[in-house]
Amino acid sequence: MNIESIKRKSVAPVYSMCVQPAFIIGTNNEDGTYNFAPITWVSATHEEGDGYLLVISMAGNKRTKQNVIRTGIFSANLVNTQMLPLMDYFGTHHAADGEKDALEYKVSKGRVLDVPTLDASPWIYECEVSKTVETGDSTTFFCKIGNIQMDERLECRDIFDVDLTKLDPVIYSGRYHSLGRMLGEIGDFCE
Ligand SMILES: Cc1cc2nc3c(=O)[nH]c(=O)nc-3n(C[C@H](O)[C@H](O)[C@H](O)COP(=O)(O)O)c2cc1C
């Protein structure tokens, strides 16, 4: 097997924009209305036992972060390519400047947690914060996943069998991208 080596150059650690999944976070405002904003610093880890924690990081003092700190709950709505206008709009407008109502979108309630969810999303986590870590002006939330809502048309044989090409997610790295091909499963590429 001939795997080609790549010549690299060293640069200052300012290129933080590596591969990031795009989620729009839905939160409850203090007055009972909802707010949505994109957050792409999202990952996962284990809690004790086999459960998963969603790990999500928010900088500054944005409304979304204030709402998560106050209520301890939120929805993480995976963004597909048809939702790009929504994400772009939510991400370039701040709740502090007024309601984000220039675009039309449908909102429902979570099935397990009292969180606003976007009808347009094919995959939604309903999350509850269990631990927070502060670094600089950022807060990282480790969150129990109370429920996952998955597009009914997805048929998964096992927990690894989620065909991302069907979810059509937006990948962010400072620019918006879409996903290419599905390449195979674990074990397909080694003897
Ligand atoms: C594509 C995209 C990704 C973003 N990812 C993050 C992120 O991971 N963490 C963060 O703190 N802000 C992130 N932001 C910034 C917030 O979405 C933005 O500040 C938004 O206006 C906050 O809205 P709010 O004030 O209504 O909460 C992102 C923005 C965009 C457009």
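The values are calculated or read from the model by the stated rules, or taken from the named source; none is laboratory data. Computed from a predicted structure; not experimentally measured. For neighbour counting, all protein chains shown are included, and Cβ atoms are generated from backbone atoms with ideal geometry for every residue, glycine included. These accessible areas exclude ligands, DNA and RNA; they are computed on the full protein's heavy atoms, side chains included. Shrake-Rupley method; radii C 1.70, N 1.55, O 1.52, S 1.80 Å.
Key figures for this structure:
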item: Residue list for segment 92-108, restricted to those being of a type in the set (S, T, N, Q) and near the ligand (Cβ under 10 Å from one of its atoms); result: 92
item: Residues located in segment 1-52, provided they are closer than 20 Å to residue 172 by Cβ and aromatic (Phe, Trp, Tyr); result: 15, 23, 36, 41
item: Pair list, Cβ under 7 Å, 6 or more apart: segment 15-40 residue of a type in the set (A, V, I, L, M), other residue within 10 Å of the ligand (Cβ to nearest atom) and assigned to a loop (DSSP other than H, G, I, E, B); result: 17/173; 17/174; 19/173; 22/40; 22/79; 24/79; 37/62
item: Residue that is farthest from residue 24 (Cα to Cα) [pool: residues in segment 55-72 that are buried (at least 17 other Cβ atoms within 10 Å of the Cβ) and more than 9 Å from the ligand (Cβ to nearest atom)]; result: 71
item: Search result, residues across segment 33-54 that are more than 16 Å from the ligand (Cβ to nearest atom), at pLDDT 95 or above and either outside any strand (DSSP E or B) or of a type outside the set (A, V, I, L, M, F, W, C) (or both); result: 45
item: Extreme residue, most open to solvent (accessible area, probe 1.4 Å), among residues of segment 73-131 that are basic (Lys, Arg) and not in a strand (DSSP E or B); result: 111
